[in-house]
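Visitor: There's a structure below that I have some questions on.
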Amino acid sequence: MSDGFWNDSTKAQKISKELGYYESQLNDINSVISSLQSLKELVILSIDENDDSFEEEILNSIDLLEKDIGNLELKTLFDGKYDIRNAIISIHAGAGGVESQDWASMIMRMYLRWAEKMNMTSKILEISKGDEAGIKSTTIHIKGNNVYGLLKSERGVHRLVRLSPYDSDNARHTSFVLVETLPEIESDVEIELKSDDLNIESFKAGGAGGQSVQKNSTAIRITHIPTGIKVSCQNERSQAQNKEIAMKILQSRLLSLELKKREENEKKIRGPHISAEWGNQIRSYVLHPYKMVKDHRSDYESSDPDKILDGDINEFIDNYLRISKN
């Protein structure tokens with residue numbers, strides 16, 4: 001690196017992060033090559049010695065190698081400009097009152113559990129509680145390797161069919177939740193915000209933070225006047241922290257809007273675009289009269305919705321990413 005590399009700390013940190021990502025990729029490749037070489041030597045030894053006692057070890061090594069190669073193959077699909085970034089997920093309950101709001105809280109838990117199982121860091125930035133149960137909406141920040149590249153496959157409408165625990169007749173209900181996935185903004189230069197375009201309001205926060213938070217107007221709501229986009233943050237203890245986070249969320253939403261415009265312009269070149277607009281469900285979760293989760297884009301299915309709702313969604317992510325590149 002040149003002597004002046006750290007003069008621009010923002011640029012230097014970005015380059016260092018990208019360098020660390022590629023070094024990790026190279027280490028994974030070298031690890032697979034090393035495992036393949038060890039397996040080859042073990043097979044040759046078994047043949048030379050005419051010893052079948054190595055069979056179980058060889059089969060186990062092949063299974064592990066296939067898994068590692070599959071993970072490497074998946075990483076080659078992260079070729080988008082923002083795929084290696086952290087992600088901001090927003091979850092919105094659809095029409096249907098308490099039933100949809102409960103479904104939104106189940107989806108929120110699914111992503112929090114996924115992040116936990118992936119050894120990622122998650123934080124709820126904003127949450128609007130439901131009238132009786134569940135949530136109306138929430139915004140979650142998830143940090144880790146390739147988070148946006150993985151979770152961009154989750155954007156769209158998620159549909160639930162079940163016997164409602166909130167219906168005295170125990171009738172079957174269908175509920176909808178909209179999931180938005182945004183790449184985290186890494187610098188103010190990517191999306192510039194003009195002060196004249198912003199309406200910034202403070203209000204008293206509720207929920208996380210304790211009573212001390214609710215005594216003061218620490219929560220922040222920002223409206224981007226040209227687009228009408230509104231964001232809020234309430235879970236930090238100071239107004240300045242909430243404002244900083246809300247600005248980042250707003251920038252991420254505006255970046256997503258810009259990317260969508262570019263996709264529309266390139267639609268003819270890139271082929272059909274899978275829309276994540278409200279009303280276009282990407283996945284159905286059926287708990288009654290049978291149990292199934294089905295992704296309507298890849299046609300991948302699971303007969304264990306409890307496992308999926310506990311955060312085991314990687315197979316759905318993998319299948320979508322693979323078919324989206326075909």
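The values are calculated or read from the model by the stated rules, or taken from the named source; none is laboratory data. Note that the coordinates shown come from a computational prediction; the quantities given were computed from them, not determined experimentally. Cβ coordinates were reconstructed from backbone atoms using ideal geometry, including for glycine residues, and neighbour counts include every protein chain displayed.
Visitor: Looking only at segment 246-254, decide whether some residue is under 23 Å from Ile191 (Cβ atoms), more than 22 Å from the chain's Cα centre (by Cα) and either modelled with pLDDT under 90 or not assigned by TED's automatic domain parsing to the domain that holds Tyr148 (or both).
Guide: The answer is no, given that none of the residues of segment 246-254 is under 23 Å from Ile191 (Cβ atoms), more than 22 Å from the chain's Cα centre (by Cα) and either modelled with pLDDT under 90 or not assigned by TED's automatic domain parsing to the domain that holds Tyr148 (or both).
Visitor: Hey, among the residues in segment 136-168 that are crowded, with 19+ Cβ neighbours inside 10 Å and among the hydrophobic types (A, V, I, L, M, F, W, C), which one's nearest to Glu18 (Cα to Cα)?
Guide: Per the stated criteria, the residue is Val147.
Visitor: Also: Condition first: within 26 Å of Ile185 (Cα to Cα) and either among the acidic types (Asp, Glu) or within 17 Å of the chain's Cα centre (by Cα) (or both). Now tell me which residues in segment 68-86 satisfy that.
Guide: Leu74, Lys75, Leu77, Phe78, Asp79, Gly80, Lys81, Tyr82, Asp83, Ile84, Arg85, Asn86
Visitor: Let me ask something additional. Which of (1) within 19 Å of Leu257 (Cβ to Cβ); (2) free of Cβ contacts under 8 Å to residues at least 60 places away in the same chain does Met120 not meet, given it meets every other one?
Guide: It is condition (1) that Met120 fails.
Visitor: I'm trying to understand the selection: among the residues of segment 126-179, which are assigned to a loop (DSSP other than H, G, I, E, B) and of a type in the set (A, V, I, L, M, F, W, C)?
Guide: Of everything in segment 126-179, those that are assigned to a loop (DSSP other than H, G, I, E, B) and of a type in the set (A, V, I, L, M, F, W, C) turn out to be Ala133, Ala171.
Visitor: For Ala87, only one of the following conditions fails: (1) at pLDDT below 85; (2) of a type in the set (A, V, I, L, M); (3) in contact with a strand residue (DSSP E or B) (Cβ under 7 Å, 6 or more places away or on another chain). What is its number?
Guide: Result: Ala87 fails condition (1) only.
Visitor: Looking at segment 127-148, I want the residues that are touching a residue at least 12 places away in the same chain (Cβ under 8 Å) and have a partner that is part of a loop (DSSP other than H, G, I, E, B) and basic (Lys, Arg) with Cβ atoms under 6 Å, at least 6 apart or on another chain. Which pairs are those?
Guide: Tyr148/Arg85
Visitor: Out of all the residues in segment 294-326, which are basic (Lys, Arg), surrounded by 14 or more Cβ atoms within 10 Å (Cβ to Cβ) and in contact (Cβ under 8 Å) with a residue 60 or more places away in the chain?
Guide: Arg322
Visitor: Looking only at segment 215-241, which residues are at pLDDT below 90 and farther than 14 Å from Ile127 by Cβ?
Guide: Within segment 215-241, Lys215, Asn216, Ser217, Thr218, Arg237, Ser238, Gln239, Ala240, Gln241 meet the criteria.
Visitor: If you go through segment 81-114 one residue at a time, how many are free of Cβ contacts under 8 Å to residues at least 60 places away in the same chain and within 30 Å of Arg262 (Cβ to Cβ)?
Guide: The qualifying residues number 2.
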